[in-house]
Amino acid sequence: MEMQMEFLRKLPIPQELKREFPITPEIRAIKEKRDREIEDIFYGKDSRLLLIIGPCSADREDAVLEYMYRLARVNEQVKERLFIIPRVYTNKPRTKGVGYKGMLHQPDPEKEEDMLHGIIAIREMHTRIVRETGFTCAEEMLYPSNHRYLSDLLSYVAVGARSVENQEHRIVASGIGIPAGMKNPTGGDLNVMLNAVSAAQSPQKFIYRGWEVRTTGNPMAHCILRGYVDRFGRSHPNYHYEDLRDVLDMYEKDASLQNPAVIVDANHSNSGKKYLEQIRIASDVMHSRGVSGDIRRLVKGIMIESYLEDGAQKIGEGVYGKSITDPCLGWEKTEQLILSLADQAK
């Protein structure tokens, strides 16, 4: 029986798309400078706290750009203590495989899926953000083979809770040259997360986009704690001091791991998707960093979901700057939180 798969059209390879939509030397210089600064944070040479913040999904360019302009203005007040990496997530994992999968699939959430326009739209949006705000951004690496479409623009990648056990995600992360955060799986097994970090930190040889490739390993691969769900479907947090200490102990017991580092995701199962809880959770993490030098060195940053408007909406409701996936903090609360985190990061 033949495969039940219809080949619709051949898409440009990343090299072709980069030639058609090139970056300028100025954008390249911004990325190189920010990459070096982020590397210094992961290696402990820079004491600033990483703040990976932005919409759950980057669903429309105009609202995302307005959010970035606002973020750039507040960044001027906090840049001595915080290093902001905006979330511009254009690939969204779906638990049941249906629904809005992000701008890559649907450049317009109210229209049909269109991958060709999607890869162009996400490249152009990321390019505009760097050019107009000076930010290089974070993406979720939902499809490892697609990373090359944006590899000259991104400064951070997260591997999601449903992808972290997948060998391809782990070994591609070993060769991307920027920090790769490995989330704990939805069931909460921290060994799975640490195994992913170990695989990404190790040299690898594999097939990638039709090539046999070799990597040197990614020493900036690290953990993201995002809470977990038990077998009854209940959310449980893993951001508390004791959880952070457990992860540090696991790092110290595994000789294959280097450069202990954790980012705390304040939403998802840590908040039970109660988006307002992110404010309290972020403050709790800052307190843990304040009472222990070990934890301060371990916790490199916090991840927050925020957008222009509080909460979430269904596709088609048309509220500008309101999430169409998970609920987010609105701008007013976001700005207050950023200023508070900068104050706590003294």
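Structure data summary
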| quantity | calculated |
| --- | --- |
| Pair list, Cβ < 9 Å and 6+ apart or interchain, from segment 232-254 residues that are on the phi < 0 side of the Ramachandran plot to residues that are crowded, with 20+ Cβ neighbours inside 10 Å and among the aromatic types (Phe, Trp, Tyr) | Ser235/Tyr228; His236/Tyr228; Pro237/Tyr228; Asn238/Tyr228 |
| Residue pairs meeting the criteria (Cβ under 7 Å; at least 6 apart or on separate chains; first within 14 Å of Asn259 (Cα to Cα), in segment 31-47; second of a type in the set (A, V, I, L, M) and surrounded by 18 or more Cβ atoms within 10 Å (Cβ to Cβ)) | Glu39/Met220; Ile41/Leu50; Phe42/Met220; Phe42/Ala261 |
| Single match in Val247, Val319, Val229 (criterion: of a type outside the set (Gly, Ala, Ser) and surrounded by 19 or more Cβ atoms within 10 Å (Cβ to Cβ)) | Val247 |
| From Ser256, Ser288, residue being among the hydroxyl-bearing types (Ser, Thr, Tyr), more than 13 Å from Arg226 (Cα to Cα), assigned to a loop (DSSP other than H, G, I, E, B) and touching a helix residue (DSSP H, G or I) at 6+ places or on another chain (Cβ under 9 Å) | Ser256 |
| Single residue of segment 43-89 satisfying the filter (crowded, with 19+ Cβ neighbours inside 10 Å and among the aromatic types (Phe, Trp, Tyr)) that is nearest to Gly318 (Cα to Cα) | Tyr67 |
| Residues of segment 88-143 satisfying the condition of being modelled with pLDDT under 95, among the polar types (S, T, N, Q) and under 19 Å from the mean Cα position of the chain (by Cα) | Asn91, Thr95 |
| Within segment 184-225, strands (runs of 3 or more DSSP E) holding 1 or more residues that are under 17 Å from Glu39 (Cβ atoms) | 221-225 |
| Unique match (being farther than 20 Å from Gly160 by Cβ and either touching a Leu at 6+ places or on another chain (Cβ under 8 Å) or of a type outside the set (Ser, Thr, Tyr) (or both)) among Leu225, Leu194, Leu248 | Leu248 |
| Any hit, segment 260-281, residues being modelled with pLDDT of 95 or more, under 21 Å from the mean Cα position of the chain (by Cα), surrounded by fewer than 16 Cβ atoms within 10 Å (Cβ to Cβ) and of a type in the set (Lys, Arg) | yes |
| Search result, residues across segment 117-150 that are assigned to a loop (DSSP other than H, G, I, E, B), touching a helix residue (DSSP H, G or I) at 6+ places or on another chain (Cβ under 7 Å) and on the phi < 0 side of the Ramachandran plot | Phe135, Thr136, Met141, Leu150 |
| Test: residue in segment 166-174 that is part of a strand (DSSP E or B), at pLDDT 95 or above, over 27 Å from Gln344 (Cα atoms) and touching a Ser or Thr at 6+ places or on another chain (Cβ under 6 Å) | no |
| Selection status of Gly44, under 16 Å from the mean Cα position of the chain (by Cα), within 19 Å of Ser155 (Cβ to Cβ) and small (Gly, Ala, Ser) | no |
| Residue match in segment 20-28 (condition: crowded, with 18+ Cβ neighbours inside 10 Å and part of a helix (DSSP H, G or I)) | yes |
| Whichever residue in segment 199-220 is hydrophobic (A, V, I, L, M, F, W, C) and more than 16 Å from Pro185 (Cβ to Cβ) and, among such residues, is surrounded by the most Cβ atoms within 10 Å (Cβ to Cβ) | Met220 |
| Flag for Ala199 being under 17 Å from the mean Cα position of the chain (by Cα) and under 30 Å from Gly272 (Cα atoms) | no |
| Residue within segment 293-305 that is assigned to a strand (DSSP E or B) and of a type in the set (Asp, Glu) present | yes |
| Number of positions in segment 9-19 that are assigned to a loop (DSSP other than H, G, I, E, B) and free of Cβ contacts under 8 Å to residues at least 24 places away in the same chain | 1 |
| Test: residue in segment 178-191 that is touching a Pro at 6+ places or on another chain (Cβ under 7 Å) and either modelled with pLDDT of 95 or more or farther than 25 Å from Leu71 by Cα (or both) | no |
| Odd one out for Val192, checked against (1) under 30 Å from Pro12 (Cα atoms); (2) surrounded by fewer than 20 Cβ atoms within 10 Å (Cβ to Cβ); (3) not small (Gly, Ala, Ser) | (1) |
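The values are calculated or read from the model by the stated rules, or taken from the named source; none is laboratory data. Note that the structure is a prediction, hence the values are computed from the model and not measured. Every residue, glycine as well, gets a Cβ built from its backbone with ideal geometry; the counts of neighbours run over all protein chains shown.
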